[in-house]
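S.K.: Questions regarding the structure given below will be posed in turn.
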Amino acid sequence: MEKQVAIQTDTITLGQFLKLADIIQSGGMAKWFLSEYEVFINGEQDQRRGRKLRIGDVIEISNIGEFRVSEEN
């Protein structure tokens, strides 16, 4: 099941997204997390914590789930 994660801006970095989605506790954990888990953005593997995500992007993380970046109402 896909979980929606709402953002207030046009873009968010992958590291910020992981924290906002409650996948990691702090931004400092992003580098470690991305080295341990396969992350796919719109079907393409990407491990860069600075990768810009936009509204509508789908993030799949092995053994964790699927997320969609949505606009905050």
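S.K.: On the given criteria, is Ala30 small (Gly, Ala, Ser) and either surrounded by 14 or more Cβ atoms within 10 Å (Cβ to Cβ) or in a helix (DSSP H, G or I) (or both)?
M.R.: Criteria met by Ala30.
S.K.: Restrict the check to the stretch 12-21 and report whether at least one residue is exposed (fewer than 14 other Cβ atoms within 10 Å of the Cβ) and out of contact with any helix residue (DSSP H, G or I) (no Cβ under 6 Å at 6 or more places or on another chain).
M.R.: Scanning the stretch 12-21 turns up no residue that is exposed (fewer than 14 other Cβ atoms within 10 Å of the Cβ) and out of contact with any helix residue (DSSP H, G or I) (no Cβ under 6 Å at 6 or more places or on another chain).
S.K.: Quick check on Asp57: is it out of contact with any strand residue (DSSP E or B) (no Cβ under 7 Å at 6 or more places or on another chain) and within 17 Å of Ser70 (Cα to Cα)?
M.R.: No, not satisfied.
S.K.: Which condition does Gly65 not pass, out of (1) exposed (fewer than 13 other Cβ atoms within 10 Å of the Cβ); (2) at positive phi, if it passes all the others?
M.R.: That leaves (1) as the condition not met.
S.K.: A further question on this structure: Do you know which residues across the stretch 64-73 are touching a Phe, Trp or Tyr at 6+ places or on another chain (Cβ under 8 Å) and either under 16 Å from Thr9 (Cβ atoms) or part of a helix (DSSP H, G or I) (or both)?
M.R.: Listed by number, the list holds a single entry, Val69.
S.K.: Then there's this: Just checking, how many residues over the stretch 39-63 are at pLDDT 95 or above and in contact with a Phe, Trp or Tyr (Cβ under 8 Å, 6 or more places away or on another chain)?
M.R.: 6
S.K.: Okay, next question. Going by the structure shown, is Gln4 within 15 Å of Glu72 (Cα to Cα), touching a Ser or Thr at 6+ places or on another chain (Cβ under 9 Å), touching a residue at least 60 places away in the same chain (Cβ under 8 Å) and surrounded by fewer than 18 Cβ atoms within 10 Å (Cβ to Cβ)?
M.R.: Yes.
The values are calculated or read from the model by the stated rules, or taken from the named source; none is laboratory data. All figures in this text were calculated on a predicted structure; none of them were measured in a lab. FYI the Cβ positions are ideal-geometry reconstructions off the backbone, even for glycines, and counts take in every protein chain you see.
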